[in-house]
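Trainee: One structure, as structure tokens, below. Some questions next.
The values are calculated or read from the model by the stated rules, or taken from the named source; none is laboratory data. Quick caveat, the model's predicted, so the values are computed rather than measured. Here the Cβ positions follow ideal geometry from the backbone for every residue, glycine too, while neighbour counts run over all protein chains shown. Only protein heavy atoms, including side chains, enter the accessible area calculation; ligands, DNA and RNA are left aside. Shrake-Rupley method; radii C 1.70, N 1.55, O 1.52, S 1.80 Å.
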Amino acid sequence: MEIFESVYDKSKFNNCVLAFGNFDGVHKGHQHLLNSAKRYAKEKGLTFGVYTFSDSPKFANADHSVLSLLGYRLSYINEFCNPDFVYLEHFDDVKNMNPEMFVRYIVDKFGCVCAFCGENFSFGKEALGKSADLVRLMQESGKDAVIVESLKCGGVVVSSTYIRSLLADGRADEAWELLGAPYGFTSKVVHGAHLGHKLGFPTINQIIPKELVLPRFGVYSTIVIVDGKEYMGVTNFGVKPTVSSDNTPVAETYVIDFDGDVYGKQVGLYFCKKLRDERKFSSLDELKENISINVEQTKKFFEEKNGN
């Protein structure tokens, strides 16, 4: 997979099929779109490319929070469908094009012969162009376009907006189902108050990248990736009301069956199931007892998830 930004080598990748979208989270609906475009390109013997943005379009989400950072999106797109290329557009470079200008742009710049988009695709100035307009304008240019029907799971349309709402409600397991992978992030482990050591549950502390969606405060069963190895974890995401007066949200994780120094390392943290709301306990002994319960709940959750 080659990645282009601003400069595009048309001589190398011409007569292409382009899949259009923001692809935030690369959820199952996005995967359905990408699969459809790739299958078409293969059948026609054409180059397959993905057109997305290097920055999040401001109209896509009112608070501008995202389900995935650019590096994750590119990695997952490559892993999932291995396109010939991905083109990263700067939103400001195309935001003032009307729909007609935008279609001429993709035909001329990329040699696009067929465009794939979702039912709710918008393009052009003030997002005035819709999926049906893309089909009409591509056909007027002697090209083609395909609108891929929205994917439904359990009767619900899979969308980034809906997945954000699930995470805001703490329904991490349902978000996992629609994303195809648990929601999470990778960030550096920072120093905390080291209270976990005194309680017998040493923890690691991480700050969630500011661009990402914040899950509902609470205690979660998590997957922790340290040096490429996967561990179970119990994570309190929130402001730790029992032991802290700081209102900065922190992910504090007890990594089960792990004993190592990870301060300063980049560690992956993925939210799998919410166990309980964050709350203030009357004593440290009560907090310790609840952590023990959460550890056992987490072990049971993963045993059942893995069919053991």
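Trainee: How would ASP277, ASP55, ASP24 line up by accessible area, probe 1.4 Å, largest first?
Mentor: The most accessible residue leads, giving ASP277, ASP55, ASP24.
Trainee: Amide H to amide H, which residues 5 or more places from LEU151 or on other chains are under 5 Å from it, using H placed in the peptide plane?
Mentor: Hits under the 5 Å cutoff: VAL158.
Trainee: So for the chain, taking the charge dipole from beta-carbon charges (+1 Lys/Arg, -1 Asp/Glu), which of LEU134, PRO249, PHE53 sits furthest toward the positive end?
Mentor: Going by the Cα projections, it comes out as LEU134.
Trainee: Enumerate the amide H contacts of PHE53 below 5 Å, restricted to partners 5 or more residues apart or on another chain; note that Pro and chain-start residues carry no placed amide H.
Mentor: Distant-sequence amide H within range of PHE53: GLU89.
Trainee: Charges on Cβ only, +1 for Lys and Arg, -1 for Asp and Glu, centred on the Cα centroid of the chain; of ASN22, LEU69, PHE121, which one is farthest towards the dipole's positive end?
Mentor: Ranked along the dipole, the leading option is PHE121.
Trainee: Then there's this: In whole angstrom, how far apart do the alpha carbon centroids of segment 248-286 and segment 214-231 sit?
Mentor: Taking the Cα centre of each part, segment 248-286 and segment 214-231 sit 8 Å apart.
Trainee: Find the Rg to Rh ratio for segment 69-137, where Rh is the Kirkwood radius over alpha-carbon pairs and Rg uses the same atoms.
Mentor: Using only Cα positions, Rg/Rh for segment 69-137 is 0.98.
Trainee: Ignoring ligands, DNA and RNA, what accessible area per residue does the chain give at 1.4 Å, in Å²?
Mentor: For the chain, the solvent-accessible area averages 48 Å² per residue.
Trainee: Which lysines have a Cα less than 16 Å from the Cα of LYS280, not counting those fewer than 8 places away in the same chain?
Mentor: Those lysines meeting the cut-off are LYS240, LYS288.
Trainee: Give me the net charge of VAL158's neighbourhood, meaning all other residues with Cβ under 13 Å from the Cβ of VAL158; Lys, Arg count +1, Asp, Glu -1.
Mentor: Local charge sum for VAL158: -2.
Trainee: For LYS143, list the aspartates and glutamates whose Cα falls under 15 Å from its own Cα; do not include residues on the same chain fewer than 8 positions away.
Mentor: Cα-Cα hits under 15 Å: GLU100, ASP108, ASP133.
Trainee: Each residue of segment 7-14 in order: what ³J(HN,Hα) in whole Hz does its phi give by Karplus 6.51 cos²θ - 1.76 cosθ + 1.60, θ = phi - 60°, with x for Gly and Pro?
Mentor: 8, 10, 8, 5, 5, 8, 10, 10
Trainee: Suppose every K and R has +1 on its Cβ and every D and E has -1 on its Cβ; what is the size of the dipole of segment 1-101 about the Cα centre, in Debye to the nearest 20?
Mentor: 440
Trainee: Sticking with this one: Can you check how the C-alpha radius of gyration of segment 118-159 compares to 2.2 N^0.38 Å, as a plain ratio?
Mentor: That ratio works out to 1.36.
Trainee: Distance check, please: which entries in LYS10/LYS210; LYS42/LYS273; LYS95/LYS273; LYS152/LYS210; LYS10/LYS38; LYS12/LYS210 exceed 27 angstrom between their Cα atoms?
Mentor: Table pairs above 27 Å Cα-Cα are LYS10/LYS210; LYS42/LYS273; LYS95/LYS273; LYS152/LYS210; LYS12/LYS210.
Trainee: With a 1.4 Å probe and all protein chains kept in place, how much accessible area does TYR162 have, in Å² rounded to the nearest 10?
Mentor: 70
Trainee: Along the charge dipole of the chain, pointing to its positive end and built from +1/-1 on Cβ of Lys, Arg, Asp and Glu, which listed residue (CYS272, VAL148, ILE163) has its Cα farthest out?
Mentor: VAL148
Trainee: For Cα pairs less than 8 Å apart in space and 6+ apart in sequence, what is the mean separation divided by the residue count of the chain, i.e. the relative contact order in percent?
Mentor: 16
Trainee: Could I ask something else about it? Using the Karplus curve 6.51 cos²θ - 1.76 cosθ + 1.60 with θ = phi - 60°, what ³J(HN,Hα) values do you get for each residue of segment 176-183, in whole Hz, with x for Gly and Pro?
Mentor: Running phi through 6.51 cos²θ - 1.76 cosθ + 1.60 with θ = phi - 60° gives 4, 4, 7, 6, x, 7, x, 6 Hz.
Trainee: Regarding segment 10-161, what's the average projected area of the Cα-atom convex hull, expressed in nm²?
Mentor: Average of the hull's projected areas for segment 10-161 equals 8.7 nm².
Trainee: For MET232, tell me the accessible area in Å² from a 1.4 Å probe, rounded to the nearest 10.
Mentor: 60
Trainee: If you scale each eigenvalue of the Cα gyration tensor by 5 and take the root, what three semi-axes come out for the chain, rounded to whole angstrom and sorted largest first?
Mentor: Largest first, the chain gives 43, 18, 17 Å.
Trainee: Which value, in debye to the nearest 20, describes the size of the charge dipole of the chain about its Cα centre when Lys and Arg Cβ atoms bear +1, Asp and Glu Cβ atoms bear -1, and nothing else is charged?
Mentor: In total the dipole reaches around 260 debye.
Trainee: Provide the per-residue ³J(HN,Hα) series for segment 118-131, in order, calculated from phi with Karplus coefficients 6.51, -1.76, 1.60 and θ = phi - 60°, each as a whole number of Hz, with x at glycine and proline positions.
Mentor: Taking θ as phi minus 60°, the curve returns x, 4, 9, 5, 10, 7, x, 4, 6, 6, 6, x, 10, 4 Hz for segment 118-131.
Trainee: Starting from the residue with the highest accessible area, list HIS90, HIS27 in decreasing order, probe 1.4 Å.
Mentor: Final ranking, largest accessible area leading: HIS90, HIS27.
Trainee: Shifting gears a bit: Find how many whole Å separate the alpha carbon centroid of segment 1-31 from the alpha carbon centroid of segment 80-144.
Mentor: 11
Trainee: Please arrange ASP93, ASP257 by accessible surface area, largest first, computed with a 1.4 Å probe and ligands excluded.
Mentor: ASP257, ASP93
Trainee: Taking a probe of 1.4 angstrom, what is the accessible area of ILE225 in Å², to the nearest 10?
Mentor: 50
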